[in-house]
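**Q** One structure coming up, written as structure tokens, with questions to follow.
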């Protein structure tokens, strides 16, 4: 309850208590004996019953309002659970897409690295003269090493391509 509403309730309760006390004092001073005061109080018995019935009706009405409010809360919780489920599904789809994207990026980087190394080895092979060398010549070992690495890279390139596009 807000402080504004709390103050109003306290003020209303204080006013009702003050009016009740003033009425009791007025009856006590206006009527001389207890018998007359008792008869005067008995005149308001029906009003007491009326207010008791109204208070009971108010309690029943408050219970019905709470029941309706609880039904609305249940519906809201149901909708919240459904929305959380959809959010979780969307997050899982996003995770799968990110994983797929990371895999594609990784494969692209591998292809770029293989392509770069292949171009480098081919340029080195072109730089060497196209002649035959003696077995002891270091240029022969270098040429053979470059050709071996080039073949390995071509095989690796085929393997990566098969991973990317299975069935080709």
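The values are calculated or read from the model by the stated rules, or taken from the named source; none is laboratory data. Note that the coordinates shown come from a computational prediction; the quantities given were computed from them, not determined experimentally. Ideal geometry is used to build each Cβ from the backbone, glycine not excepted, and the neighbour counts take in all protein chains shown.
**Q** Only one of these is part of a helix (DSSP H, G or I), modelled with pLDDT of 90 or more and surrounded by 10 or more Cβ atoms within 10 Å (Cβ to Cβ): 107, 101. Name it.
**A** 101
**Q** Kindly evaluate residue 52 against the criterion of being in a helix (DSSP H, G or I), out of contact with any strand residue (DSSP E or B) (no Cβ under 7 Å at 6 or more places or on another chain) and over 28 Å from residue 23 (Cβ atoms).
**A** In short, no.
**Q** Of these, 114, 46, which one is assigned to a helix (DSSP H, G or I), out of contact with any strand residue (DSSP E or B) (no Cβ under 7 Å at 6 or more places or on another chain), surrounded by 10 or more Cβ atoms within 10 Å (Cβ to Cβ) and at negative phi?
**A** Numbers: 46 fails: surrounded by 10 or more Cβ atoms within 10 Å (Cβ to Cβ).
Step by step, each of 114, 46 is checked, and only 114 is assigned to a helix (DSSP H, G or I), out of contact with any strand residue (DSSP E or B) (no Cβ under 7 Å at 6 or more places or on another chain), surrounded by 10 or more Cβ atoms within 10 Å (Cβ to Cβ) and at negative phi.
**Q** Something else about it: Determine if the range 27-46 includes at least one residue that is in contact with a helix residue (DSSP H, G or I) (Cβ under 7 Å, 6 or more places away or on another chain) and closer than 30 Å to residue 161 by Cβ.
**A** No, the range 27-46 contains no residue that is in contact with a helix residue (DSSP H, G or I) (Cβ under 7 Å, 6 or more places away or on another chain) and closer than 30 Å to residue 161 by Cβ.
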